[in-house]
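Here's the structure, in structure tokens; my notes come after.
What follows is calculated from the coordinates using simple rules that are stated; it is not laboratory data. Because the structure is a prediction, the values reported are computed rather than measured. Counting neighbours? That spans all protein chains shown, and the Cβs are built from the backbone with ideal geometry, glycine included.
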Amino acid sequence: MERFRPAVHEGPVQVVDDDLDMRKSMTNPRTREGWRFAAAERGRAALEAVGVRKAGLIPLDLMTLEMDGYACLRALRARLGSRDIPVVMPTAKDVTADDCRRLAGRADRIVQKGASAWRISPPPCARS
């Protein structure tokens, strides 16, 4: 995930996941490495936060409460100020070909949650 790390002058990483333990597993180790984070439990809260301060990266859980990752991603991409924010979608869901089609051109990367929410092996939606 280092390639998605925001530059110092960019906004924080806006983590969106309804699982507190997962938010901690994504943020705690990287905070010690100098990464800056903001966290949201739900998609709507993340949209509000990004509206106030543009994020440099958004790890967005595909299956969040209230507003799923698909809807949140559509809303982010519809807003002029957030269209260019990289979005990585960690998920515990078994990603289907339909999921890949729905996210194509919107999500920068889809990753399976595992021991680390940032594990990318193998990529569920391989690009050919």
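Net charge in the neighbourhood of Glu66 (other residues with Cβ under 11 Å of its Cβ; Lys, Arg +1, Asp, Glu -1) is -1.
Less than 5 angstrom separates the built amide H of Ala38 from those of Val13, Gln14, Val15, all sequence-distant by 5 or more or on a different chain.
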